[in-house]
Amino acid sequence: MYRGSPFTRFAKWTSHAAGHPAAFAVAVLIVGAWALTGPIFGFSDTWQLVINTGTTIVTFLMVFLIQNTQNRDSTALQLKLDELIRALEGAHNAMLDLEELEDKELEQIRQRYEELARRARSEMRHGHKDTDVEQVEVGDATSEGDVRRP
């Protein structure tokens, strides 16, 4: 089912299993059993330490496994989006690696697209279409008035 290193297979399997409703049900049962044993152990410090230690260990390990799976999924999604941009005629190939830009550069591009959206909504209110393709310069070649009609 899964390809890759043993850790990759384990991380995918664990992430999938942890997200299953049965995993939640098992966790509820464990907590319920722990709570029911409270009177038996006199709600002692050791009794409390058992659940605290168990949940801390599970949480600590799950953070790394889920992060590994999320990183892989995020990378795969980014590559799929990059392929769509690359294959779509008229799309800006300069957008392919936006995730590698500095925050300041991303903010500048985001502001340009927000301006495009504002103008499109304004034009729609006046009965115009919003399906025109406007050229948006990105990267070092930007200047004032860099949004222009083809």
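Of the conditions (1) of a type in the set (D, E); (2) more than 23 Å from D130 (Cβ to Cβ); (3) assigned by TED's automatic domain parsing to the domain that holds T131, E83 satisfies every one except a single condition; which number is it? Here E83 clears every test but (3). Just need a number here: residues in the range 4-36 that are surrounded by 13 or more Cβ atoms within 10 Å (Cβ to Cβ) and not small (G, A, S). Qualifying residue count for the region: 10. All of G32, G19, G90 fail the test of being small (G, A, S) and at pLDDT 95 or above, apart from G32.
Residue by residue through the range 22-65, note down the ones that are small (G, A, S), within 22 Å of R9 (Cβ to Cβ) and more than 26 Å from the chain's Cα centre (by Cα). I'd like the intermediate steps shown before the answer.
Here is the first cut: in the range 22-65, the residues small (G, A, S) are 22-23, 25, 27, 32-33, 35, 38, 42, 44, 54.
Within this subset, residues satisfying the condition of being within 22 Å of R9 (Cβ to Cβ) are 22-23.
None; the set is empty.
Right, E100: modelled with pLDDT under 95 and either within 30 Å of R9 (Cβ to Cβ) or not acidic (D, E) (or both) or not? Yes; evaluated as a whole, the condition is true for this residue. A search for C-beta distances below 6 Å between a residue of the range 4-27 that is of a type in the set (V, I, T) and any residue that is surrounded by 12 or more Cβ atoms within 10 Å (Cβ to Cβ) and part of a helix (DSSP H, G or I), counting only pairs 6+ apart in sequence or on different chains, returns T14/L65. In the set (1) farther than 29 Å from P6 by Cβ; (2) in the same structural domain as A18 (by TED's automatic domain parsing), F60 fails one condition alone, (1). Of all residue pairs spaced 6 or more apart or on separate chains, those with beta-carbon atoms under 8 Å, a first member in the range 115-130 that is outside any loop (DSSP other than H, G, I, E, B) and a second member that is among the basic types (K, R) are E123/K129.
Scanning the range 68-80 turns up at least one residue that is at pLDDT below 90, of a type in the set (S, T, Y) and either within 30 Å of T131 (Cβ to Cβ) or not in a loop (DSSP other than H, G, I, E, B) (or both).
The values are calculated or read from the model by the stated rules, or taken from the named source; none is laboratory data. Keep in mind it's a predicted model, so treat the numbers as computed, not measured. Ideal geometry is used to build each Cβ from the backbone, glycine not excepted, and the neighbour counts take in all protein chains shown.
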